[in-house]
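Notes to accompany the following structure.
Any read-out appearing in this document is the output of simple, stated calculations on the displayed coordinates, not a laboratory observation. Everything numeric in this text was worked out from a predicted model, so none of it was measured. When we count neighbours, we look across all protein chains shown, and the Cβ atoms used for this are built from the backbone with ideal geometry, even at glycine.
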Number of protein chains: 2
Amino acid sequence: MLMSHYVHGYSERESERLYDQANAVRELLHGDTDYPTGSEVLEAGCGVGAQTVILAKSSPDAQITSIDISLDSIDKAKDLINKEGILNVHFRQADIFALPFEEERFDHIFLCFVLEHLQEPVRALMELRKVLKTGGSLTVIEGDHGSCYFYPQTDEALQAWHCLIQVQAHLNGNSLVGRQLFPLLKKARFHNVKISPRMVYTDSSKPKLMDGFVKKTIIPMVEGIEKQALELKLINKTSWNKGIQDLHKTAMPPDGTFCYTFFKGIGIKQSLKHV
Amino acid sequence: MLMSHYVHGYSERESERLYDQANAVRELLHGDTDYPTGSEVLEAGCGVGAQTVILAKSSPDAQITSIDISLDSIDKAKDLINKEGILNVHFRQADIFALPFEEERFDHIFLCFVLEHLQEPVRALMELRKVLKTGGSLTVIEGDHGSCYFYPQTDEALQAWHCLIQVQAHLNGNSLVGRQLFPLLKKARFHNVKISPRMVYTDSSKPKLMDGFVKKTIIPMVEGIEKQALELKLINKTSWNKGIQDLHKTAMPPDGTFCYTFFKGIGIKQSLKHV
């Protein structure tokens with residue numbers, strides 16, 4: 001299996017977290033993505049459908065095929081799509097490294113928070129490129145855990161945060177992938193590659209974002225790797241507890257501030273004569 | 001003396017670096033600042049005038065008073081302003097903590113890359129507030145060295161970068177001040193405080209920015225603290241040399257990427273009856 005173990009797990013709480021994240025940063029990450037009427041779009045690695053809903057609503061006249069390697073996630077994504085009354089999405093269980101589609105099948109490809117979990121991101125992009133039509137676009141959104149800083153900043157909060165990066169590395173993922181999108185897309189032979197950082201900044205003048213992003217998305221993500229961090233002896237329990245407590249202070253008025261940056265990249269598949 | 005020793009020194013090369021920085025990120029940092037005709041603006045901590053030129057050109061019909069504690073810097077700033085043919089700036093040597101102006105003398109106040117060098121940033125802001133008219137704005141721009149990350153990222157490059165943060169801390173400055181602008185302005189009793197991050201992202205599709213910002217601004221800033229870093233034994237010479245070499249790779253095609261974020265904050269002085 002080429003996909004590393006999904007670092008954040010498959011719990012109910014994790015599904016909630018993913019939906020909260022999608023809503024808190026929806027406009028920032030997805031506001032400029034909408035596909036034309038009739039276009040065939042592949043969403044690779046749809047997970048529990050948190051981004052699928054946004055994608056489908058932003059491009060109501062496109063046909064979206066959403067794949068994931070986990071059948072359980074697909075079931076959750078289907079439930080969500082049905083609950084939302086969305087009709088332009090078809091789901092299919094599939095492995096990015098063994099895509100069950102003919103070449104040049106799709107007009108556009110979209111993937112969000114997928115590359116960070118893959119051991120061979122360039123190979124994944126090359127596989128996706130095969131099923132993309134010449135002239136079509138690939139859009140990829142990833143975070144970068146090295147882009148995170150906050151105030152107040154304590155040693156323990158930093159340590160807890162670094163545990164997240166280390167646990168993901170231990171599972172053969174790469175949570176520092178955002179800053180690498182440019183070289184990754186270039187290595188996978190995409191053209192006209194454009195990367196745009198999407199920074200989330202919160203302070204107490206933005207209580208809704210502080211709540212939806214920091215409290216409901218970021219801190220639960222860190223809390224979710226407690227067991228692995230302690231088992232791997234990356235941190236002791238006392239420091240962990242203080243670290244989590246301190247992270248909560250970065251989301252509290254009047255002084256807390258928090259910064260995290262996502263990266264969105266777009267590349268085009270050119271015909272061979274242009275390569 | 002309440003201002004910590006200026007970490008970057010007063011060399012010719014440093015002046016060049018400051019002018020290069022101002023140009024590389026001019027639009028990003030200053031594009032939305034322009035003061036109305038006839039308004040009286042105080043620029044606090046003008047240094048060698050790198051920002052003064054931009055300020056004066058963006059607000060040609062405002063009257064700008066630029067102060068700095070260093071007479072030598074003011075002389076350089078004067079030369080620059082004269083060379084540029086700018087007529088709406090008056091210079092004066094002055095200490096932020098002992099301002100030679102009557103209360104409510106200015107319509108607006110501007111400061112850029114100043115708070116990072118001060119031991120008591122809130123007290124500085126309170127002093128500036130006194131000479132600001134009720135209803136007037138204070139605009140502050142600062143970097144945050146903790147916002148910096150890059151690709152490829154080696155241990156030595158990170159170490160060299162952290163030396164910069166530590167040297168500044170050793171000189172009683174705070175290079176992580178950007179993320180703190182919100183609490184600082186609130187503590188100094190400014191109202192309607194709005195902070196906006198200004199992120200610089202470079203990859204090889206932006207060769208001009210890579211050159212002007214990473215090669216001519218950022219790396220020379222790190223190189224400038226070599227002596228202090230080695231004297232303070234923060235790093236050994238071999239690691240330092242490799243760190244600098246590795247930092248240069250972050251500004252090289254095809255793979256290098258570099259991220260740094262500035263913060264711009266604006267606050268309003270309200271009358272006491274509104275406080």
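Observations, loosely collected:
- DSSP beta bridges in the protein assembly as shown [antiparallel fraction, %, rounded to 5]: 55 percent
- Of all DSSP beta bridges in region A:1-116, antiparallel share, percent nearest 5: 5 percent
- Listed by chain and number, the aspartates and glutamates placed with their C-alpha closer than 14 angstrom to that of A:Lys133 are A:Glu40, A:Glu102, A:Glu103, A:Glu104, A:Asp107; residues fewer than eight positions away on the same chain are left out.
- Pairwise FRET efficiency - B:Ser205 versus A:Asp72, Cβ, R0 = 25 Å, nearest 0.05: 0.05
- Across the identical copies, how the B:Tyr10 labels are spaced - nm, sorted shortest first, 7 Å along Cα→Cβ: 6.7
- Closest Cβ on chain B to the rotation axis that carries it onto A (distance rounded to whole Å): B:Met199, 3
- Peptide ranges A:39-52, A:149-162, B:227-240 listed from the most packed, as the mean C-beta count within 10 angstrom indicates: A:39-52, A:149-162, B:227-240
- Over region A:1-128, relative contact order from alpha-carbon pairs under 8 Å, at least 6 apart, %: 29 percent
- Pairs with C-alpha atoms separated by more than 26 Å, drawn from the list A:Lys194/A:Lys215; A:Lys233/B:Lys242; A:Lys57/A:Lys78; A:Lys206/A:Lys249, are A:Lys194/A:Lys215; A:Lys233/B:Lys242.
- For region B:101-160, a simple Cβ point-charge model (Lys and Arg +1, Asp and Glu -1, everything else neutral) yields a dipole of about 280 debye relative to the Cα centre.
- Neighbours of A:Gly173 by Cβ distance under 13 Å: Lys/Arg scored +1, Asp/Glu scored -1, total -4.
- Shielding by other protein chains, A:178-190, mean Cβ within 10 Å: 4
- Kirkwood-based shape ratio for region A:93-249, expressed as Rg/Rh from alpha carbons: 1.04
- When region A:90-167 is described by a simple charge dipole with +1 on each Lys and Arg Cβ and -1 on each Asp and Glu Cβ, the residue from A:Ser147, A:Phe101, A:Gln159 located farthest towards its positive end is A:Phe101.
- Every pair of different Cα atoms in chain B enters the Kirkwood calculation, which places the hydrodynamic radius at 19.2 Å.
- Dipole magnitude of region B:128-245, debye to nearest 20 (Cβ charges: Lys/Arg +1, Asp/Glu -1, about Cα centre): 780 debye
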